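The values are calculated or read from the model by the stated rules, or taken from the named source; none is laboratory data. This is a predicted model, so every value here is computed, not measured. Reconstructed Cβ throughout: ideal geometry from the backbone, glycine too, with neighbour counts over all protein chains shown.
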Amino acid sequence: MSQSTFILLGIAYYIFSIAVIITVLNLLNRKDQKKYQNEISELERDKNLIISASIMSELNKVEPLVNNEDMQNLYQEWQQRFKELKDVEVPKLTDQLLEIENLYQEKKYKELKKKIAQVELEVYYIKTRSNFLLDEIREITLSEERNRETITKLKSRYREIRNKYHNDKNKYEMIASPLDLQFENVDKLFGAFEISMEKNAYQEVGKIVKAIDDIIGNLGLVIEEAPGIIAMGKILIPKKMKEINNIYEKMKKEGFNLEFLNLPYNLTECNKKITDIFQRLNVLNIEDSTFELKTMTDYFDSLYNDFDKERIARKIFEDYQRSILMKVTKLTKINDKLLRKLDDIKYSYDLTDEDVSVIEEIRQELKEIRTKYDEIIELHRAHRHSFSHLGKEMEVLNAKLTHTEEKLETALRTLGSLKEDELRAREQLDEIKNILNQSKQQMKSYKLPVIPKKYFVELSEATEAIANMVHELEKTPISIKTLNTRVDTARDLVLKLFNTTKETIKTAKMAETAIVYGNRYRPINSDVDFGLTKAENAFYKGNFKLSLENAITAINIVEPGIHKRLMEEYGE
């Protein structure tokens, strides 16, 4: 391809790129133009909606209703505000929209964007003023229909309340006068409403309607809650107060300390609160009255539980009063007796002061418990605390006493076990000697050609261990720790000797049996004869295990499995 062809291709590519860029820019420009056109059209539409026909229509409805100076002034003010919107604010928006249109035509998009944002805010502001004006006008034009509808509902509710009152008038006898007066006030307000409606005094009508709504709402609450308030304040609570006070006085005479309940003061405060509730009820104010009376009822109900708890606490206290005194007295006697014997125990069993220090600790603990017990009893006699408090104190004291009792029992078991260990050691001495004698007799009963050296070594060790045990038992004082060690050593060595004796005799018997059994094969097999000869030599030298192995190996040549049968015969 020639150089001129490359140049032509480059020029064509350059022209194509320029064309693409121009096309893209045109498309973006058209998109922006369309966007701005839509925004301008939207602003134009919002401007036209500011002065809607609704405002004119509502103002025309107000004109026939103007029959007093207040309404005249209000009507003129609305007209003035509408005129300002129509003749001042809207033309200003029109001028600004023309300016926006010029900027658009001149393609000054940067300035156009800023101007559109500014006009959007002004349109929103003026539109808000227009809507607010329309709402104010409709407040008057729609007030008659709305107020009539509200008053109709209020009258229906009022009749229900009044009928309920007259049907059960005896329940409201206490507040009949203020209720009748309030009913009269409502009737007067209904009349005032009609007069104000005739005069088109709509501002006054709103106040009257609100007043009627508030009074009827309060009357409804009073008619609904007053019977319950009267019943609780006049009958239920006074009855509870009387019962509670009677129980309180009776329990005080029985020795209960109930000062922590602060009942006289609380009863006085409850009476004051009930008086205040009825004073407010006479002016038909029942705010929080039901809640306050319910709180009082719950308080008096809780007092019954408090009284029951005190009775239970008294029983617990009296039970502990007897049981703790008996137990601490008993434990003190036991511990004192132990203390008196402590020197003998220490000497007899070679104990140090540290070994028996727990006895002194227990004595001190028992002394502290007795002191605390006396303090609690003194508080009880002086009537300074409630039984619930004294009962808890006794429970804590009993827990401490139980812990001390466990320590004393442990100490008694520990010291008692010293004597038991000594007696048990003496009993075991006889058993150990018996086992030793059995071992000797068994060894003598079976006439072995030679007694193994191992037997004599273990016999010597066992005999020496028994001698040491006897020596420890003859000591004064006896060291139980050392004695227990001697007993364990002697028992282990004697048992070891016993097992060695048993195993030696058994092995010797098996070896002898195997040799006798194998003698039948000597004439027919020289290897068997040779093996049995080795077994005999080992047997007479006292090596019974080797003798058994040689005999079994020899017999196994002609009779495989002899080892297993031999084991079965001796119970292995």
Exercise for the section: Would you be able to say whether some residue in the range 203-214 is within 50 Å of the chain's Cα centre (by Cα) and surrounded by 15 or more Cβ atoms within 10 Å (Cβ to Cβ)? Expected result: yes
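In the set Asp430, Asp421, which member is surrounded by 15 or more Cβ atoms within 10 Å (Cβ to Cβ), within 27 Å of Ala462 (Cβ to Cβ) and either modelled with pLDDT under 80 or of a type outside the set (A, V, I, L, M) (or both)?
Working: Asp430 fails: surrounded by 15 or more Cβ atoms within 10 Å (Cβ to Cβ).
Being surrounded by 15 or more Cβ atoms within 10 Å (Cβ to Cβ), within 27 Å of Ala462 (Cβ to Cβ) and either modelled with pLDDT under 80 or of a type outside the set (A, V, I, L, M) (or both) holds for just one of Asp430, Asp421, which is Asp421.
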Exercise for the section: Would you check which residues across the range 511-528 are in contact (Cβ under 8 Å) with a residue 12 or more places away in the chain and farther than 16 Å from Val450 by Cα and list them? Expected result: Thr513, Ala514, Ile515, Tyr517, Gly518, Asn519, Tyr521, Ile524, Asn525, Asp527, Val528
Exercise for the section: Would you check if Leu189 is modelled with pLDDT of 85 or more and over 49 Å from the mean Cα position of the chain (by Cα)? Expected result: no
Handout entry: Condition met for Glu58 (at pLDDT 70 or above and in a helix (DSSP H, G or I))
Key = no
Handout entry: Qualifying residue in the range 286-301 (condition: touching a residue at least 24 places away in the same chain (Cβ under 8 Å) and not in a helix (DSSP H, G or I))
Key = yes
Problem - Single unsatisfied condition, Tyr125 versus (1) at pLDDT below 70; (2) surrounded by fewer than 18 Cβ atoms within 10 Å (Cβ to Cβ) - result: (1)
Fill in the blank from the handout: Pairs returned, first residue in the range 429-445 that is farther than 19 Å from His471 by Cβ, second residue that is hydroxyl-bearing (Ser, Thr, Tyr) and surrounded by 17 or more Cβ atoms within 10 Å (Cβ to Cβ), beta-carbon separation under 7 angstrom, 6 or more apart or interchain, are Ser439/Thr501; Gln442/Thr501; Met443/Tyr455; Met443/Thr501
Handout entry: Residue count, the range 225-260 (criterion: loosely packed, with under 14 Cβ neighbours inside 10 Å, within 19 Å of Asp301 (Cβ to Cβ) and basic (Lys, Arg))
Key = 4
